[in-house]
1. Say a paramagnetic label sat at a point 7 Å from the Cα of residue 10, along Cα to Cβ; which residues of region 258-293 have their backbone N under 13 Å from it?
2. Say R0 is 30 Å: what FRET efficiency, to the nearest 0.05, do residue 182 and residue 255 get from their beta-carbon distance?
3. How far apart, in nanometres, would the label points at residue 51 and residue 112 be if each is projected 7 angstrom from Cα along the Cα-to-Cβ direction?
4. Straight-line reach from residue 277: which aspartates and glutamates have Cα under 13 Å away, leaving out those fewer than 8 places along the same chain?
5. So if R0 is 22 Å, what FRET efficiency would residue 281 and residue 95 give, r being the distance between their Cβ atoms, rounded to the nearest 0.05?
6. Given N residues in region 3-64, what is its alpha carbon radius of gyration divided by 2.2 N^0.38 Å?
7. For region 21-29, take each phi angle, set θ = phi - 60°, evaluate the Karplus expression 6.51 cos²θ - 1.76 cosθ + 1.60, and give the result in whole Hz per residue in order, putting x for glycine and proline.
8. How far apart, in nm, are two points set 7 Å out from the Cα along the Cα-to-Cβ line at residue 125 and at residue 295?
Amino acid sequence: MRGEQGAAGARVLQFTNCRILRGGKLLREDLWVRGGRILDPEKLFFEERRVADERRDCGGRILAPGFIDVQINGGFGVDFSQATEDVGSGVALVARRILSHGVTSFCPTLVTSPPEVYHKVVPQIPVKSGGPHGAGVLGHSVADLRAAEDAVWSGATFITHLFNAMLPFHHRDPGIVGLLTSDRLPAGRCIFYGMIADGTHTNPAALRIAHRAHPQGLVLVTDAIPALGLGNGRHTLGQQEVEVDGLTAYVAGCSMESALEAASLHPAQLLGLEKSKGTLDFGADADFVVLDDSLHVQAT
């Protein structure tokens, strides 16, 4: 990590003519960066008596925190569920190429696989001290609401694939879905839920229902497969063969700001990284994406 003295001597970049996602709003402010961190310009001016070393005009574009995908099974021909001898090189390839999609952080995930795949792949995933530990994930389950609430009290924080592979909603017992409005959760606990906003895994109407019930918990995920970035055709996913024919993404019933936070701030909060990732607040990592008004990635 760069020391305080070294960081203070680094070049200062000023991104101008942009709209910054900060505090749930798009603000017309400049973004200041030094040493890989977001800088408070007031301290730069009044305490250090410095100005920017370089200015970059963003042409009125949006600057948002880099997207965080907490559920990605592979991409660009790499399948994280394949029992290879070098999982790390595949993860590194995806990490490089997925930047073009605005994703700057991700959690590699495995689809349901034979035990021998887990035994070969999981030991190659490095574990760092200080990170979040324990599964804490609900989903793909027939649990009733009471069981789901008990799981949250035991540490569960995330619902994977809300609505998919779980009991359908019923007015007498809404199942895991009921956690979005439950009044039996620990005080101050936010339950997060992942949704694939492609209009296929989840109908846009269902996405609207979930978001309106619990907007702070929405986490947009891709659940991407090795075919990501390879176009249409037949591809493999774990032990399955899948066919890709076109791609459409939907974020229904929420503002642009809310959609961006669901892809950045919320997953950072889920992972306990909200001080450094998923935000453009002062002191956070200078980890951001440049978007046009249609949310197409221009730079990362």
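Since every read-out is calculated from the coordinates, none of them should be taken as a lab result. Worth saying up front: this structure is predicted, and the values here are computed from it rather than measured. Here the Cβ is made from the backbone with ideal geometry for all residues, glycine too, and neighbour counts use every protein chain on show.
1. Zone members listed by number: 283-288.
2. Details: r = 25 Å, r/R0 = 0.84.
E between residue 182 and residue 255, to the nearest 0.05, is 0.75.
3. Going from the residue 51 label point to the residue 112 one covers 6.3 nm.
4. Counting by Cα, and skipping residues close in sequence, residue 277 has these aspartates and glutamates nearby: 69, 261, 285, 287.
5. Numbers: r = 24 Å, r/R0 = 1.10.
Once the sixth-power term is evaluated, E becomes 0.35.
6. Details: Rg = 12.1 Å, N = 62, 2.2 N^0.38 = 10.6 Å.
Relative to the 2.2 N^0.38 Å estimate, region 3-64 comes out at 1.15.
7. 7, 8, x, x, 10, 8, 10, 7, 9
8. About 2.7 nm, to one decimal.
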